[in-house]
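Here's the structure we're looking at; comments come further down.
The values are calculated or read from the model by the stated rules, or taken from the named source; none is laboratory data. Just so it is clear, the model here is predicted, and its values are computed rather than measured. For neighbour counting, all protein chains shown are included, and Cβ atoms are generated from backbone atoms with ideal geometry for every residue, glycine included. We work out accessible area using only protein heavy atoms, side chains counted, and drop any ligands, DNA or RNA first. Shrake-Rupley method; radii C 1.70, N 1.55, O 1.52, S 1.80 Å.
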Amino acid sequence: MNRISLYLLIPGLLCAACSDVTISQRPEVEGDEPGECYDGADNDFDSFFDCDDEDCAEAPDCIPNTAPGSAILTIEPDQPTTVEDITCVITQGAADADGDELTYTFVWLLGGEPQGNDSPTIASDATERGQNWTCEVTANDGRSNGPSASAAVTVVNSPPSQPTVEIVPNFPAIENDLECVINDDSNDVDGDPISYEIDWEVNEQFSSWNGPNIPSEATSPNDVWKCIVTPHDGIE
């Protein structure tokens with residue numbers, strides 16, 4: 001038997017035009033991602049951390065900061081009563097050598113104890129006579145707090161309100177006694193008991209008479225009598 005052997009030659013692929021490509025990784029740079037200049041890590045593996053790395057030299061977090069100064073304050077009104085709100089007013093803002101925009105925080109203290117109120121104003125219904133309120137204001141430049149400024153006031157007494165009075169009879173005759181009548185009593189928001197001082201004028205001159213009554217024998221035809229009632233709460 002005759003055998004026929006068949007050989008198939010597959011030539012190798014020949015490269016007519018070839019070039020080599022090396023893929024490299026861009027070097028890490030400290031601070032090229034937010035927060036890398038203060039995260040405490042050596043992100044570019046050069047043995048320098050955060051602001052000690054020259055890559056962070058121009059980062060805002062690595063530029064030396066000067067803390068702001070203190071504001072100048074006042075509290076209005078300067079002698080508040082229990083029916084008046086008290087407001088902490090910045091009359092002169094804090095200075096900042098770096099020209100940073102400043103924000104301010106307010107803290108109120110009552111008798112030296114913080115009250116958890118961060119508003120510039122304390123409402124009148126939160127105050128009582130004799131209380132000492134202190135406002136503390138702190139400036140912040142986005143990185144540092146400055147020293148706090150403070151102002152203080154003492155809540156003073158609220159005097160009684162004006163009463164409503166009249167003289168009876170309204171059209172007296174020569175034989176009539178005069179009586180000064182309090183139609184509407186004074187009100188005292190501090191809850192103090194009220195007493196009244198009653199004085200009289202006659203013909204626009206102070207008289208020696210006081211108390212609610214003028215007897216008829218003390219009057220003369222065509223006299224003009226005026227009753228003056230002054231409420232007193234024991235303080236003013």
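Would you work out the relative contact order for segment 122-164, in percent, from Cα pairs under 8 angstrom that are 6 or more residues apart?
Over segment 122-164, the number comes to 41 percent.
For SER148, what accessible surface area do you get with a 1.4 Å probe? Give it in Å², rounded to 10.
We get 70 Å² for SER148.
Using the basic label-point model (7 angstrom from Cα toward the beta carbon), what is the ASN117 to THR103 distance in nanometres?
Taking the simple label geometry, ASN117 and THR103 are separated by 2.2 nm.
With r defined as the distance between the Cβ atoms of ALA173 and GLN131 and R0 fixed at 41 Å, what FRET efficiency is calculated, to the nearest 0.05?
0.15
May I ask you to list the residues of segment 43-77 whose amide nitrogen lies under 12 Å from a point 7 Å from Cα along the Cα→beta-carbon direction of GLU28?
Taking a point 7 Å out along Cα→Cβ of GLU28, the residues of segment 43-77 whose backbone N falls under 12 Å are 43-50.
With every protein chain left in place and a probe of 1.4 Å, what is the accessible surface of ASP118, to the nearest 10 Å²?
Ignoring ligands and nucleic acids, ASP118 comes out at about 120 Å².
Would you mind working out the magnitude of the charge dipole of segment 130-236 relative to its Cα centre, with +1 at each Lys and Arg C-beta and -1 at each Asp and Glu C-beta, to the nearest 20 Debye?
Taking the Cα centre of segment 130-236 as origin, the dipole is about 620 debye.
Where the only charges are on Cβ atoms (+1 Lys, Arg; -1 Asp, Glu), what is the dipole of the chain about its Cα centre, to the nearest 20 debye?
820 debye
Considering Cα pairs under 8 angstrom that are at least six residues apart, work out the relative contact order of the chain and quote it in whole percent. Write down the numbers at each step before the final one.
Working: 442 pairs, mean separation 32.7, N = 236.
Over the chain, the number comes to 14 percent.
For VAL156, what accessible area in Å² do you get when you roll a 1.4 Å probe over the heavy atoms of the protein chains, rounding to the nearest 10?
50 Å²
Run the numbers on segment 156-236 and let me know its relative contact order in percent, using alpha-carbon pairs under 8 Å that are six or more apart.
38 percent.
Between THR66 and SER207, what length comes free when the chain is fully extended (0.36 nm per residue of separation minus the Cα-Cα distance, one decimal in nm)?
Net length gain for the segment: 43.7 nm.
So, with a 1.4 angstrom probe, what is the percent of accessible area on the chain that is carbon and sulfur?
50 percent
Mind sorting out which of (i) 17.9; (ii) 26.8; (iii) 19.3 is the real Kirkwood radius over Cα pairs in Å computed from the coordinates?
Computed from these coordinates, Kirkwood radius over Cα pairs in Å corresponds to label (ii).
For the chain, build the charge dipole from Cβ charges (+1 Lys, Arg; -1 Asp, Glu) around the Cα centre, then report which of ALA59, SER158, PHE45 sits farthest towards its positive end.
PHE45
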